[in-house]
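See below for the structure under consideration.
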Protein chains: 2
Amino acid sequence: MPVETVIQAARDLLGDRLATSTALREQHAHGEDTHPPSMPDAVAFVETTDEVARILALCNQEHVPVVPWGAGTSLEGHVTPARGGITLDMSRMTRIIDVSQPDMDCRVEAGVTRAQLNTHLRDAGLFFPVDPGTAACTIGGMCGTRASGTNAVRYGTMRENVLGLTVVLADGRVIKTGGRVRKAANGYDLTRLFLGSEGTLGVVTEIQLRLHGIPEAISSATCQFPDLGSAVDTVIAILQMGIPVARMELLDDVQVEACIRYSKLEGLAPLPTLFFEFHGTAAAVAEQAQQAEEIASTFGSQGFRWATDPAERGKLWQARHDAYWAALALKPGHKGIATDAIVPISKLTEAILGAKEDIAASGLTAPIVGHVGDGNFHTVILVPDQPDGLARAWDLDRKIVARALSLGGSCSGEHGVGIGKREFLLQEHGAEALAVMRSVKQALDPRGVMNPGKIFLN
Amino acid sequence: MPVETVIQAARDLLGDRLATSTALREQHAHGEDTHPPSMPDAVAFVETTDEVARILALCNQEHVPVVPWGAGTSLEGHVTPARGGITLDMSRMTRIIDVSQPDMDCRVEAGVTRAQLNTHLRDAGLFFPVDPGTAACTIGGMCGTRASGTNAVRYGTMRENVLGLTVVLADGRVIKTGGRVRKAANGYDLTRLFLGSEGTLGVVTEIQLRLHGIPEAISSATCQFPDLGSAVDTVIAILQMGIPVARMELLDDVQVEACIRYSKLEGLAPLPTLFFEFHGTAAAVAEQAQQAEEIASTFGSQGFRWATDPAERGKLWQARHDAYWAALALKPGHKGIATDAIVPISKLTEAILGAKEDIAASGLTAPIVGHVGDGNFHTVILVPDQPDGLARAWDLDRKIVARALSLGGSCSGEHGVGIGKREFLLQEHGAEALAVMRSVKQALDPRGVMNPGKIFLN
């Protein structure tokens, strides 16, 4: 058996860092998703780029699948070894290799988590902005899905904040892409080719990241509206005014009620709500906030509730980040499916109000949260505990995606394709563009060993 | 002859828009560079994506090279048909297909120029920021080189401002990449794969662009320093403070003297000078400018000279954009080679002071200008009118690139690889990464008909 050959050779290389116990294999059979789990044949707890390279060369030689694993926080089945093989657990590659304060950049290993990095950076007055909500996710995993989150509206996504990569290719060759410069016109943009490729083209082992200075002043506010449309119109007007908000998040009435209960938020009614954060100098923050508040008031808002001290601000954003868990807590014991549609801003009201109608028609519970400054919104569809529960939930997800596509949007703003969104790519990109993606895949991974069953349907 | 076959078929398709006159072929034999010119066999003045697709299918079938041509402003030989074939002149594809004010985006044909677009957008209160200096360059050409320019420090490059593309592949298939959303995690980032591929993977025919609101207030200033190092240190400090300057350009003493003469700039001494522009609300602009001026003064600057009214501001930036011509006017009749090195910001002083030493040692005249907020700087090496003049100029260019590479930089910040920078890619990327680029090229253009002789040495 080829996989036995690989396991034996990997054990020779890694010793007891090559695990085949059922417990560890089960732990690596799925992420935070509802797709059918599937166990790897073994889990390799790699510690260096060289170890990754040796294992990839082995797997390629024996035609054995390889699945990279960061923290297992994927919502789309990326980390499920759909065809078995070796899972590369990167969680021990946690070195922060270098931080340059004058260049505002750093180089880290792929297993470094967002939280670990920002704790490390704090004393240097720097931070890494991309914030998908969970503190546990790794920088490597965030590269895989081209992650973004609450402050992408101001600071961009992984696409804008990754300067370069070390990547191990399917056959074990190691390349460096990009570098430390802010821009370059020096050949094909391999960095951006690997970002968002979900482990299907190679394994990212090191990342050069762009950092930002911790702002002099930060203030946060919530703002409630009589209806969803007014909240979304406020967002559009703020973007058009060019106010550089750092975060601008929408929660619908159902989600706000869930957060009030789960996070003990005070002073909010169960109404559509925007969460704001402003970064800058004290004067700039004050001016931005005043402008945003004025716009919101013209759309019928009830004024800003401020959270200027760090503790209060922390509580507010923790509540936003816990929105997923707050949603699940509405129906204890139920699973949730997180949708991830994105549309052009001008279509956001239509997309969200349409989603509300679909949710009502489905009879399911599905609170809405959104990175609305980007046109991206999520629903957490609570899966009813019934035989057809999952099918009904997926059916609702498909309706929300279909409307986003019909409005010129995409099936995924930030969660990625993985297993769950593969069925939409043909409609979204067209057959020829999808064929180009396949030809790139074929060129870089001719044996199809890199995370098979993801992105492409077959 | 295969090329005769293609020319006959193209003439059937385009009529007198297929030109074979020597005058037109000579006009399309080179850009604004000093590489050896080489004529195409014919120039096709295409008007639609479909015409591009038909000609590419023909050329691919007959193994005839195709070179896309925008405005011919390339500085690295991109538009030179090094192996003959058909030049696709895109300059008649000038439709602005759609502008959305609420989404702040637009879709244009590849031959639309930067100037044409911004004139069109003005009444909508929008602008397209990427500004490589010349007004004549086309959006399609700017995609080819992943162009940037004076305000990339604030608004990003083509990488950040292109949302999607229509691309004709080597065999005539037409794909759409990206779309209208600000971000997406929906498969491989084909948009960024084609940006900067210099016509070697396909021909861009339409572009979806991200736009920005014209700022409420704009002000510009110049600021002079006793020495280059102090000017660069000012830039680093301003970036670290996170002041969102829109433009921050460096001119060395030689370049300032050239601009004073050429553009009749008043009130400036021949000293290292920073040109600033600030965008925002009136209050934000005032605060940013005050902070920048304070920082500059701690590095020995002589204070800001303001140009707040549009006419004065226009004169100042026209002078900056004419720096290349001002440099050439130092030695009438001489050609110029524009270098384009980029380094991490912390290495900028070393790179620029090193370049000054190299220039002095070479005995050549070469003023320095730089988009220093990105770590990118240019010298215009004036080619002496001597038999070995060009060789001496290239030798100086190589020294400047070699230092940039040794400092962790790149051979090109924005001009692209073309013919002139091919020799540096092996050192810059390493053999394996370059092999990955080649395998992508092979996958998308197996017959090698797309702009051969560019990016890759053979």
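The values are calculated or read from the model by the stated rules, or taken from the named source; none is laboratory data. Since the structure is predicted, the reported quantities are computational estimates derived from the model, not experimental observations. When we count neighbours, we look across all protein chains shown, and the Cβ atoms used for this are built from the backbone with ideal geometry, even at glycine. Side chains are part of the model used for accessible areas, which takes the heavy atoms of the whole protein and leaves out ligands, DNA and RNA. Shrake-Rupley method; radii C 1.70, N 1.55, O 1.52, S 1.80 Å.
Residue count for segment A:325-343 under the criterion of being surrounded by 24 or more Cβ atoms within 10 Å (Cβ to Cβ) and on the phi > 0 side of the Ramachandran plot: the result is 0.
If you go through segment A:367-388 one residue at a time, do you hit one that is among the small types (Gly, Ala, Ser), more than 18 Å from the chain's Cα centre (by Cα) and either closer than 16 Å to B:VAL181 by Cβ or surrounded by fewer than 23 Cβ atoms within 10 Å (Cβ to Cβ) (or both)? No: segment A:367-388 contains no residue that is among the small types (Gly, Ala, Ser), more than 18 Å from the chain's Cα centre (by Cα) and either closer than 16 Å to B:VAL181 by Cβ or surrounded by fewer than 23 Cβ atoms within 10 Å (Cβ to Cβ) (or both). Of the residues making up segment A:303-324, just one is closer than 15 Å to A:CYS223 by Cβ and loosely packed, with under 13 Cβ neighbours inside 10 Å, namely A:GLY303.
In segment A:17-43, what count of residues is obtained for those that are within 24 Å of the chain's Cα centre (by Cα) and small (Gly, Ala, Ser)? Total meeting the criteria: 3. If the condition is being over 13 Å from the mean Cα position of the chain (by Cα) and more than 20 Å from A:GLY178 (Cα to Cα), then segment A:130-160 contributes A:VAL153, A:ARG154. Report yes if some residue within segment B:31-48 is under 24 Å from B:GLU206 (Cβ atoms), out of contact with any strand residue (DSSP E or B) (no Cβ under 6 Å at 6 or more places or on another chain) and buried (at least 18 other Cβ atoms within 10 Å of the Cβ); otherwise report no. Taking every residue of segment B:31-48 in turn, at least one turns out to be under 24 Å from B:GLU206 (Cβ atoms), out of contact with any strand residue (DSSP E or B) (no Cβ under 6 Å at 6 or more places or on another chain) and buried (at least 18 other Cβ atoms within 10 Å of the Cβ). What are the residues in segment B:84-97 that are over 19 Å from B:ALA19 (Cβ atoms) and among the basic types (Lys, Arg), if any? Result: B:ARG95, single match.
Just a yes or no: is a residue in segment B:333-342 modelled with pLDDT under 95, farther than 30 Å from B:GLU428 by Cα and touching a strand residue (DSSP E or B) at 6+ places or on another chain (Cβ under 7 Å)? There is at least one residue in segment B:333-342 that is modelled with pLDDT under 95, farther than 30 Å from B:GLU428 by Cα and touching a strand residue (DSSP E or B) at 6+ places or on another chain (Cβ under 7 Å). Count of segment A:408-454 residues, restricted to those that are more than 9 Å from every other protein chain (Cβ to nearest Cβ) and not in a helix (DSSP H, G or I), is 13. Conditions first: (1) surrounded by fewer than 22 Cβ atoms within 10 Å (Cβ to Cβ); (2) closer than 29 Å to A:VAL167 by Cα; (3) at pLDDT 95 or above. B:SER346 passes all but one, so which condition is the exception? Just one mismatch for B:SER346, condition (3). In the set B:GLY144, B:GLY172, B:GLY164, only one residue is more than 7 Å from chain A (Cβ to nearest Cβ) and either touching an Asp or Glu at 6+ places or on another chain (Cβ under 7 Å) or crowded, with 24+ Cβ neighbours inside 10 Å (or both); that residue is B:GLY144.
The residue of segment A:209-218 that is modelled with the highest pLDDT, among those that are out of contact with any Pro (no Cβ under 7 Å at 6 or more places or on another chain) and open to solvent by 10 Å² or more (accessible area, probe 1.4 Å), is A:ARG210. Looking at A:THR87, A:THR73, which is the one that is closer than 21 Å to A:GLY196 by Cα, open to solvent by 30 Å² or more (accessible area, probe 1.4 Å), under 24 Å from the mean Cα position of the chain (by Cα) and touching a residue at least 12 places away in the same chain (Cβ under 8 Å)? Checking each option against the conditions leaves just A:THR73. Only one entry of B:THR138, B:THR191, B:THR150, B:THR157 meets the criterion of being open to solvent by less than 20 Å² (accessible area, probe 1.4 Å) and facing chain A (nearest Cβ under 8 Å), and that entry is B:THR157.
Scanning segment A:115-134 for residues that are without any contact (Cβ under 8 Å) to a residue 24 or more places away in the chain and surrounded by fewer than 17 Cβ atoms within 10 Å (Cβ to Cβ) turns up A:ALA115, A:THR119, A:ASP123.
Within segment A:390-430, the set of residues being among the charged types (D, E, K, R), under 14 Å from A:ILE359 (Cα atoms) and in contact (Cβ under 8 Å) with a residue 40 or more places away in the chain comprises A:ASP397, A:LYS399, A:ARG403. Within segment A:231-244, is there a residue that is crowded, with 19+ Cβ neighbours inside 10 Å, of a type in the set (Asp, Glu) and either assigned by TED's automatic domain parsing to the domain that holds A:GLY141 or within 30 Å of A:MET90 (Cα to Cα) (or both)? Within segment A:231-244 (the criterion being crowded, with 19+ Cβ neighbours inside 10 Å, of a type in the set (Asp, Glu) and either assigned by TED's automatic domain parsing to the domain that holds A:GLY141 or within 30 Å of A:MET90 (Cα to Cα) (or both)), the answer is no, since none of the residues qualifies.
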